[in-house]
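Q: Let me begin by handing over the structure; questions about it come next.
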Amino acid sequence: QVQLVESGGGLVQAGGSLHLSCAASGLTFSRYSMGWFRQAPGKERVFVAAISWSGARSYYSDSVKGRFTISRDNAKSTVYLQMNSLKPEDTAVYYCAANSGGVYATSSLYAYWGQGTQVTVSS
């Protein structure tokens, strides 16, 4: 079955960086667009970034544009999220997701989801 496993979360001070990874198995990774979403306590899950199957196109939410970078390595079936200049408001559980369509910001368009990794940014 399809599995998406996130890693790399943790506790970091404001202004610091984290590098998240999401390893995929059970699907032809190079045929899927990938996305990162996050959910803060008591809030809805929201879009962070997405990347096309080839890596040629990427899309970011306004709140992370210029600070976060999404990338992928199809040979390793892994998608990454480099997070720089972290802020306390970036604190959330971060999820990766896969869809066989395009670069979407809508969570309902993603068929597969990981279990999430916690990111906590202290002020």
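Computed from the coordinates by the stated procedures, all read-outs in this text should not be read as laboratory data. The structure displayed is predicted, hence computed values, not measured ones. With ideal geometry, Cβ positions are generated from the backbone for all residues, glycine too; neighbour counts draw on all protein chains shown.
Q: If you keep only loop residues by DSSP, which trypsin sites (Lys or Arg not before Pro) in region 1-65 have at most 11 other Cβ atoms within 10 Å of their Cβ?
A: Here the trypsin sites (Lys or Arg not before Pro) that fit, given the DSSP loop and packing criteria, are K43, K65.
Q: Shifting gears a bit: Determine which lysines satisfy two conditions relative to K43: a Cα distance under 20 Å, and not lying fewer than 8 residues away in the same chain.
A: K87
Q: Divide, for region 30-109, the radius of gyration over alpha carbons by 2.2 N^0.38 Å, where N is the residue count.
A: On the way: Rg = 12.1 Å, N = 80, 2.2 N^0.38 = 11.6 Å.
Output field value: 1.04.
Q: Next up: Taking the Cα centre of the chain as origin, sum charge times position over the Cβ atoms of Lys and Arg (+1) and Asp and Glu (-1), and report the length of that vector in debye to the nearest 20. All intermediate terms of the calculation are to be shown ahead of the outcome.
A: Values: 10 positive and 6 negative charges, 36 e Å.
The dipole of the chain has a size of about 180 debye.
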